[in-house]
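Just below is one structure, and these are the notes that go with it.
The values are calculated or read from the model by the stated rules, or taken from the named source; none is laboratory data. All values reported here derive from a predicted model rather than from experimental measurement. Cβ: placed from backbone, ideal geometry, glycine included. Neighbour counts: every protein chain shown.
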Amino acid sequence: MSLEKTTKNAYHESVTGIRKGDTPTELEEIRQYICTSKKIVVPNRTGEKITAINRVLCEFGLARAKHLHIDTDSCDVSRMPALTKARMALDVTDCDLVIARGRLGIPGSGSMLVIMDAKGRILSAALSPSHVVHGKPVTESVRNEMRTALERIGMEPQVKTP
């Protein structure tokens with residue numbers, strides 16, 4: 001079954017009141033979509049996050065992401081900057097997958113890394129508390145969020161890196 005058919009079936013189950021939660025097939029479809037994605041982009045102004053994301057993608061045996069060099073500062077005035085960055089990327093380029101990282105909500109709310117498909121559907125995400133709380137460098141936070149986003153859908157690293 002394709003991701004589109006899986007999504008349509010889940011919608012139908014919800015509308016008819018028979019949905020009982022996620023299924024192994026649904027998770028497998030998400031993993032398959034991510035694994036077969038060839039054109040992955042990371043929208044941001046600087047390249048700092050792309051290196052951290054690519055390191056994790058490599059660990060999981062996935063294609064490397066390309067830096068979509070766009071000024072995403074304007075996204076910070078939206079209610080959910082990380083999601084706005086991802087949708088902005090879909091508006092300006094053709095890709096299979098967008099990985100965007102930014103503030104979760106209002107200043108102080110922490111960060112979100114989101115993995116979105118070409119239709120703007122969220123496949124996975126991960127959150128971090130505010131930097132003031134965790135005190136980690138941004139690259140370490142991004143690596144942790146990227147790993148968490150992949151692991152929460154049942155993906156496992158293929159290669160161990162320090």
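Tell me, which strands (runs of 3 or more DSSP E) lie completely within the range 7-103 with 1 or more residues that are under 21 Å from ALA149 (Cβ atoms), small (Gly, Ala, Ser) and in contact (Cβ under 8 Å) with a residue 40 or more places away in the chain?
In the range 7-103, the matching strands (runs of 3 or more DSSP E) lie at 97-103.
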Flagged in the range 50-66 as at negative phi and of a type outside the set (A, V, I, L, M, F, W, C), in numbering order, are THR51, ASN54, ARG55, GLU59, ARG64, LYS66
Just to be sure I understand the filter: pairs with C-beta atoms under 6 Å, separated by 6 or more residues or on different chains, first member in the range 139-151 and assigned to a helix (DSSP H, G or I), second member polar (S, T, N, Q). Which pairs pass?
SER141/SER128; GLU145/SER128; ALA149/SER124
Give the residues of the range 119-161 that are surrounded by 15 or more Cβ atoms within 10 Å (Cβ to Cβ) and of a type in the set (Gly, Ala, Ser), sorted by residue number.
SER124, ALA125, ALA126, SER128, SER141, ALA149
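Of the residues that make up the range 121-134, is at least one touching a strand residue (DSSP E or B) at 6+ places or on another chain (Cβ under 7 Å), assigned to a loop (DSSP other than H, G, I, E, B) and at pLDDT 95 or above?
Step one: of the range 121-134, the residues touching a strand residue (DSSP E or B) at 6+ places or on another chain (Cβ under 7 Å) are 122-128, 134.
Now restrict to residues that are assigned to a loop (DSSP other than H, G, I, E, B): none.
Within the range 121-134, not a single residue is touching a strand residue (DSSP E or B) at 6+ places or on another chain (Cβ under 7 Å), assigned to a loop (DSSP other than H, G, I, E, B) and at pLDDT 95 or above.
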Residue check, GLU145 touching a Leu at 6+ places or on another chain (Cβ under 6 Å) and of a type outside the set (Gly, Ala, Ser)
yes
